[in-house]
Amino acid sequence: MRPTLRQLEYAVAIADHGSFHRAARACHVTQPGLSAQVAQLESLLELRLFERGPRKVLVTPAGEALVRRARALLRDADELVDAARAYTRPLSGTLRLGAIPTVAPYLLPRVLPRLRRAYPQLALQLREDTTRALLARLSGGSLDVLLLALEAPLGDVESLPLFRDDFVLATPPGHRLARRRRVREADLDGEDVLLLEDGHCLREQALSFCQSAGAREPSDFRASSLGTLVQMVSSGAGVTLLPRLAEAIETRHADLAIVPFARPTPYRTIGLVWRRSTPRATEYRELGERIARTGALHPQRKSSGKSPKAK
């Protein structure tokens, strides 16, 4: 006798939600039905997987080990279906795409309408989060492909560079650098540079560049979004590095100056990332080529610019 995929799915759902009731709702089944399947699983394995408390369900040590294996089995089952679909109907069905917050709101509104026209049978499910969180979901199988800055530490994944996204300097209108045609790295020496909070790969890239330039980060401020950074710069609190990708949207209603950098220009590389084990790599490359051709974006090319490595 072997556990069924359904039983494994229910066990993983209980571990994720900490409740039989919430797990049943997430799996779209009745709670008695879910409980019966999990009881059969525990009987088959001769192990107790969960401790049923009055307020929360706890996973036993044996349950943690088996839930971890169950996740891998479910991911393999999904990839089996994906492999079949890749042969019969490329870029169709559900595709779970993750994107970082400094890319998603600026790129996806331009990309998605064209993807829907090009692939009418493709149902995109989107998730926005930090690089580290997205990579964890990719590894766990809850996301299929990610849209990231490739300078961040990515681990053992496949990646496809799509385009280069230059940084520009955003300053208050009256700032000493606001009227420059271009600024150099050395011009930031001694400047207060506002950055995003911890967890954003853009913060690490900008911080690396600013430290080498002799700039400093104010200790009393870190922003949760590029919009907040831009508003703080507009108020005169300092300067910041802004990706070109976000410039048009974030500067529409802000009173500030945008100054490009002289060569070597700091930049980041936007690309797609997926698991090495996926059978859909060819589809993801086709998807990436479509994204790279969208709008004013340019395919990745050799450059004399300087891409700060995220630490």
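Bear in mind these aren't lab numbers, they're just calculated from the coordinates by the rules spelled out. From a predicted model like this one, the values you see are computed outputs, not experimental measurements.
Structural remarks
- In order through the stretch 104-113: 3J(HN,Hα) via Karplus (6.51 cos²θ - 1.76 cosθ + 1.60), integer Hz, x for Gly, Pro: 3, x, 9, 9, 4, x, 7, 7, 4, x
- Estimated [θ] at 222 nm from DSSP helical runs (n ≥ 4, -39500 (n - 2.57)) normalised by residues in the chain, nearest 500: -13000 deg cm²/dmol
- For the stretch 93-311, diffusion coefficient by Stokes-Einstein and Kirkwood Rh (Cα), 20 °C, 1.002 mPa s, µm²/s: 119 µm²/s
- Across the alpha-carbon atoms of the stretch 1-134, the computed radius of gyration and Dmax are 18.4, 53 angstrom.
- Derived scalar couplings ³J(HN,Hα) [the stretch 212-223; Karplus, 6.51 cos²θ - 1.76 cosθ + 1.60; whole Hz; x for Gly, Pro]: 5, 8, x, 7, 10, 9, x, 6, 9, 8, 9, 8
- Against the rule of thumb 2.2 N^0.38 Å, how large the Cα Rg of the stretch 5-84 comes out: 1.07
- 3J(HN,Hα) from dihedral phi, the stretch 256-267, Karplus parametrisation 6.51/-1.76/1.60, rounded to Hz, x for glycine, proline: 7, 10, 10, 10, x, 8, 6, 5, x, 6, x, 7
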